[in-house]
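Readers should treat all values here as calculations from the given coordinates under stated rules, not as data from a laboratory. All values derive from a computational prediction rather than experimental measurement. Positions of Cβ are generated from backbone atoms using ideal geometry, with glycine treated the same way; all protein chains shown enter the neighbour counts.
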């Protein structure tokens, strides 16, 4: 049985004002890095960029959930 295709991640509307604050993208789109599955063995730099961006997005999501964003 084949794997079901995962829907690409899109930045929520409320997060758009914070897009410019997300750093360490290496010039890549935030969405591309969130969906990236590159391993450290395949492309170490891209994998590190993806991990960094995912952590920043998770922090924004947590702050939004507890109503700490203006």
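Would you mind ranking 40, 34 by Cβ crowding within 10 Å, fewest neighbours first? Let's see the in-between values first.
Working: 40 11, 34 16.
Ranking 40, 34 by Cβ neighbours within 10 Å, fewest first, gives 40, 34.
Helix 44-65 versus the longest principal axis of the chain: what angle, 0 to 90°, nearest 10, using Cα atoms?
Value to nearest ten degrees: 30.
Here are a few candidate values for Rg/Rh (Cα atoms, Kirkwood Rh): (i) 1.02; (ii) 1.13; (iii) 1.49. Which one was actually calculated from the structure I just gave you?
It is the value labelled (i).
Run the numbers for residue 42 and residue 55: contour at 0.36 nm per residue of separation, minus the present Cα-Cα distance, in nm.
Working: separation 13, 0.36 × 13 = 4.68 nm, distance 2.05 nm.
Working it through step by step, the gained length comes to 2.6 nm.
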